[in-house]
Amino acid sequence: MDFRDTIESKYRDIMNNYLNDQNEQSLYQAQKLSRKLIEHHIVPEEIISLHKTIMLENELTRKSFSDSFDILLEVMIGYGLSYREHQSLRTEQLALKSEIEVAASMQQTLLGTTVPKIDGLDIGAISVPARQMNGDYHHFIKDENQCLGIAIADVIGKGIPAALSMSMIKYAMDSLPENRHNPSAILESLNRVVEQNVDPSMFITMCYGVYNPWNHKFLYASAGHEPGFFYSSENQTFQDLDGKGLLLGIDKKTKYKEYELNVLQGDMIILLSDGVTECRTKEGFIERENLIGYIEKNIHLHPQEIVANIYKDLERLQEFELRDDFTLIILKRTE
Amino acid sequence: MNISISLTEIGSELHAKLTGEIDAYTAPQVKESLHPYAEKAGVKMIVDLTDVSYMDSTGLGVFVGLFKKLKSENGNLILTGLSDRLKRLFEITGLADVMNVNTEVEGGV
C-alpha cells in the first residue's frame with residue numbers, strides 16, 4: 001500500500017469511528033494524522049475532496065454532516081499552524097533582506113576607496129556588484145612619495161564573511177607601510193591571515209601592484225587573480241600581465257613572485273576581475289581578445305571614460321544582467 | 001544552471017561524474033553530494049568533469065573545500081576531463097600545481 005492509500009484508509013477509519021461514536025480519541029487521531037499529512041506534503045484540497053467522497057458514501061443527516069466537520073476541523077488546524085509559520089518566516093526574510101541592505105551600504109562606506117591624483121598618471125576605475133554585496137574589492141593607496149599602491153581582489157564566498165575579508169585586505173595595506181613597495185610581502189602576509197581566519201571553501205584572488213612615478217616602474221604580484229593587460233603605446237600592442245601565484249588562503253607557506261614593468265609614456269596598465277572576462281553573451285563567452293577590441297575602441301579617451309564605456313557595452317551585451325561582480329581599472333602614463 | 005551528479009563507490013574510491021554547469025546555484029548540490037565522502041578516511045575521489053560546460057569561482061570553492069578535507073583525512077582528489085577553459089581556471093589560480101588536475105579521463109575499472 002503506498003502512502004496515499006494509507007492516508008485514505010486512515011482518514012476513513014477516523015471518520016467512521018467518530019460518526020458512530022463522537023469520542024475524544026478520534027479527534028486526537030485526526031490531529032496526529034494532520035501532522036503526518038503536512039510532513040508528506042499532502043495539500044489541504046486533497047483532504048477536503050476525500051472528506052466529500054466519504055460523506056457521500058454515508059447516510060447524510062444534519063448530525064452526521066456536522067460531526068464530520070469536527071474531524072475536518074482538527075485536520076485543518078494543523079494546516080493553519082503551518083500557514084502562520086510560513087507568514088512569520090516571510091516576515092523574518094524581509095527583515096534579513098533589509099539587514100543585508102544595511103550591510104551593503106556599510107560595506108560601501110567603510111571600504112570605499114577614492115581614486116588618488118598622481119602626477120603624470122590618469123586613472124579610471126569602475127566596480128559594479130552583480131547583487132547587493134560586492135564580492136570584488138579594490139583599493140588605492142598613495143604614499144608621501146607619490147607612489148601608488150593598487151589592489152584588486154575577488155573574494156569567493158558570499159555575504160558578511162566575504163565583506164569582512166575585504167576589511168582584512170584594506171587594513172593590511174593601510175597598516176604595512178614598509179611593505180607597500182613589496183608586493184610579494186603584502187600577498188604573503190595576507191595569505192597567512194586569510195588561511196588562518198577564513199572558512200575552508202572561502203578564498204581570495206588578488207593582484208597587488210605599486211607604481212613609482214619617479215622611475216616609471218610598475219612592480220606587481222598576483223595570487224591566482226585573472227591576469228590584466230599591459231598596453232604598449234610604442235608598439236600599439238596588448239600583452240597579458242603574467243603573474244603566477246596560488247590563491248590566498250590555501251597554503252600558508254605560499255611565496256609570491258614579483259614582476260616588473262617599465263611604463264613608457266602612453267602605456268596603460270589594465271587590471272580587472274573575472275566578472276569582466278566571464279561576460280556571457282548569446283554567442284558565448286567574451287574572449288580576452290574581444291575585450292582588447294573594446295579597449296582599443298576607446299583608447300584615446302581618459303581612463304575613466306574608457307572603463308565607463310566598456311562597462312556600458314558589456315552590460316548591454318549581457319542584456320543588462322551581470323553574472324558576476326565587475327571591476328575594471330586602467331592606469332595610463334601621460335607624461 | 002543545471003547539474004547532474006552520478007556517483008559510484010568502489011572500495012575506498014569514489015568515482016563521480018558531473019554533467020552541466022557548476023555555478024553559484026548548482027555548487028551547493030555538488031558540495032552536498034561529495035562532501036560526505038571526503039569526510040571518511042583515506043578516500044580517493046575521482047571527479048570526471050568532461051561534460052561540465054562551465055564552472056565559476058563558486059564551483060572552484062567546492063573543489064578547494066573538498067581538496068582540503070580529503071587531504072586532512074589522508075585522501076586524494078583527482079579531477080579529470082577538464083576542458084581548456086576549466087584547465088585555464090585551475091592554472092591561473094595556481095590550483096593546478098597543488099591539486100591533481102589532468103585532462104585525460106582515467107581508464108575504466
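For chain A, a Kirkwood radius taken over Cα pairs fed into Stokes-Einstein (20 °C, viscosity 1.002 mPa s) yields D = 88 µm²/s.
Among A:E85, A:E289, A:E305, the largest mean-square fluctuation in a Gaussian network model of chain A, built with springs joining Cα atoms closer than 10 Å, belongs to A:E85.
For the options A:N17, A:N179, A:N134, a Gaussian network treatment of chain A with springs between C-alpha atoms closer than 10 Å singles out A:N17 as fluctuating the most.
Inter-chain Cβ neighbour count for B:89-97, averaged per residue, equals 6 (cutoff 10 Å, partner chain atoms only). Altogether, the Stokes-Einstein calculation at 37 °C and 0.692 mPa s, with the Kirkwood radius of region A:209-335 over Cα pairs as Rh, returns a diffusion coefficient of 210 µm²/s. Of all aspartates and glutamates in the structure, those lying under 15 Å Cα to Cα from A:K117, and not within fewer than 8 positions of it along the same chain, are A:D143, A:E144, A:E335. What aspartates and glutamates does B:K44 reach when the alpha-carbon gap must be under 20 Å and sequence neighbours fewer than 8 apart in one chain are set aside? Within the straight-line limit of under 20 Å, B:K44 reaches these aspartates and glutamates: B:E9, B:E13, B:E32, B:E73, B:D97, B:E104, B:E106. Using a Gaussian network model of chain A in which every pair of alpha carbons under 10 angstrom is joined by a spring, one finds that among A:N58, A:N215, A:N290 the greatest mean-square fluctuation is at A:N58. Here the ratio of the Cα radius of gyration of region B:1-87 to 2.2 N^0.38 Å is 0.99. Looking at region A:3-91, the pairs of alpha carbons with a distance over 14 Å make up 64% of the total.
Calculate, in whole percent, how much of the Cα-Cα pair population of region A:95-191 lies beyond 22 Å. I get 34 percent for the Cα pairs in region A:95-191 exceeding 22 Å. For B:D97 and A:Q265, the FRET efficiency from 1/(1 + (r/R0)^6), where r spans their Cβ atoms and R0 equals 51 Å, is about 0.85. If you take the Cα centroid of region A:264-317 and the Cα centroid of region A:13-36, the two points sit 70 Å apart.
Filter A:K97/B:K31; A:K97/B:K71; A:K170/A:K255 down to the pairs with a C-alpha to C-alpha distance above 28 Å, please. Exceeds cut-off: A:K97/B:K71. On a straight-distance basis, which lysines could pair with A:K32 in a cross-link, Cα separation under 30 angstrom, same-chain partners fewer than 8 positions away excluded? The reachable lysines, counting only those whose Cα sits under 30 Å from A:K32, are A:K10, A:K52, A:K63.
Taken together, the values in this text are just the output of simple stated rules run on the coordinates, not laboratory data. On a predicted model such as this, the values are computed, not experimentally measured, just so you know. In this analysis, Cβ positions are derived from the backbone assuming ideal geometry, glycine residues included, and neighbour counts consider all displayed protein chains.
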